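Structure, as structure tokens:
The values are calculated or read from the model by the stated rules, or taken from the named source; none is laboratory data. Note that the structure is predicted; figures quoted are calculated from it, not measured. A quick note on method: Cβ atoms are made from the backbone with ideal geometry, for glycine too, and the neighbour counts reach across all protein chains shown. For accessibility, only protein heavy atoms count, side chains too; no ligands or nucleic acids. Shrake-Rupley method; radii C 1.70, N 1.55, O 1.52, S 1.80 Å.
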Amino acid sequence: MPSLFLETAIRHFDRALRTVAGVPDEQAESRPSPALDLPAPGGPGPGSGQARHIGRLMRVNYAGEVAAQGLYLGQSLTARTSEVADKMDQAAREEQDHLNWCSERMAASGVPASRLNPLWLAGSVTMGAVAGLAGDRWSLGFVAETERQVMRHLQGHLEQVPDNDPRSRAVLEQMYLDERHHAEWAEEGGGRRLPFPVRTGMRLTSKFLTVGSYWI
Ligand SMILES: [Fe+2]
Ligand SMILES: [Fe+2]
């Protein structure tokens, strides 16, 4: 039903804009941060090279989550069935937690959000819409591939965050588990494996996002 699609799309759009503006969505799921109750990072404090590096890694992850909101928005706009549009909506709500947790870790390191966030949002809405137009099974395949790539990326970050920062590590570990869960539902929902050139294009695009949001 078109009105249902429109309603879902408006909800996504509202949520996506909030991510860029840094305004939380009150209706979003909110699990407490896995960092809660863990000891504060040891070693050099805020302002140190280590804190800045970790803060920037979390800024990259925040930017990735902004892009995720954009993808879900684009995909929901062009989804063929309300079932898939609903699934995208649910996943987007769950991803809100990741935004909140990354934002907390960035703030703890004194690192501001990437100034390129509006660009990531606009680009990812477009990519998501294209994926949705290709059909629901391709769209779910796109979710699965995105999540698999994010999992590898998070593993790379876990190798860089030392044990003396248990809070950032806990956030990354929980995000890894959540992304795996998203990849699995997309695969179980009938997601098709994307062709090699598409997967490569996605990897290059995310490289652009990770380098860009680390520095800007
Ligand atoms: Fe996420
Ligand atoms: Fe995810």
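Of the residues E179, E184, which is of a type in the set (D, E, K, R) and open to solvent by less than 40 Å² (accessible area, probe 1.4 Å)?
Of the residues listed, the single one that is of a type in the set (D, E, K, R) and open to solvent by less than 40 Å² (accessible area, probe 1.4 Å) is E179.
Just checking, how many residues over the range 40-72 are over 13 Å from Q96 (Cα atoms) and at pLDDT 85 or above?
Count: 11.
Checking the conditions here, which among D97, D37 is modelled with pLDDT of 75 or more and open to solvent by 60 Å² or more (accessible area, probe 1.4 Å)?
Within the list D97, D37, the selection yields D37.
Of everything in the range 52-103 that's β-branched (V, I, T) and under 14 Å from A129 (Cβ atoms), which residue is farthest from ligand 1 (Cβ to nearest atom)?
Among those residues, the one meeting the criterion is T78.
Could you list, ordered by first residue, the pairs with Cβ atoms under 7 Å in which the first is in the range 143-160 and free of Cβ contacts under 8 Å to residues at least 24 places away in the same chain and the second is within 14 Å of ligand 1 (Cβ to nearest atom) and hydrophobic (A, V, I, L, M, F, W, C), at least 6 apart or interchain?
L158/L172
Any residue at all in the range 133-140 that is part of a helix (DSSP H, G or I), away from ligand 1 (no atom under 16 Å from the Cβ) and touching a Phe, Trp or Tyr at 6+ places or on another chain (Cβ under 8 Å)?
Within the range 133-140, none of the residues are part of a helix (DSSP H, G or I), away from ligand 1 (no atom under 16 Å from the Cβ) and touching a Phe, Trp or Tyr at 6+ places or on another chain (Cβ under 8 Å).
Residue pairs, Cβ under 6 Å, 6 or more apart or interchain, first in the range 62-89 and farther than 15 Å from E7 by Cβ, second at pLDDT 90 or above and part of a loop (DSSP other than H, G, I, E, B). List them.
Pairs that qualify, where the first residue is farther than 15 Å from E7 by Cβ and the partner is at pLDDT 90 or above and part of a loop (DSSP other than H, G, I, E, B), are A63/S114.
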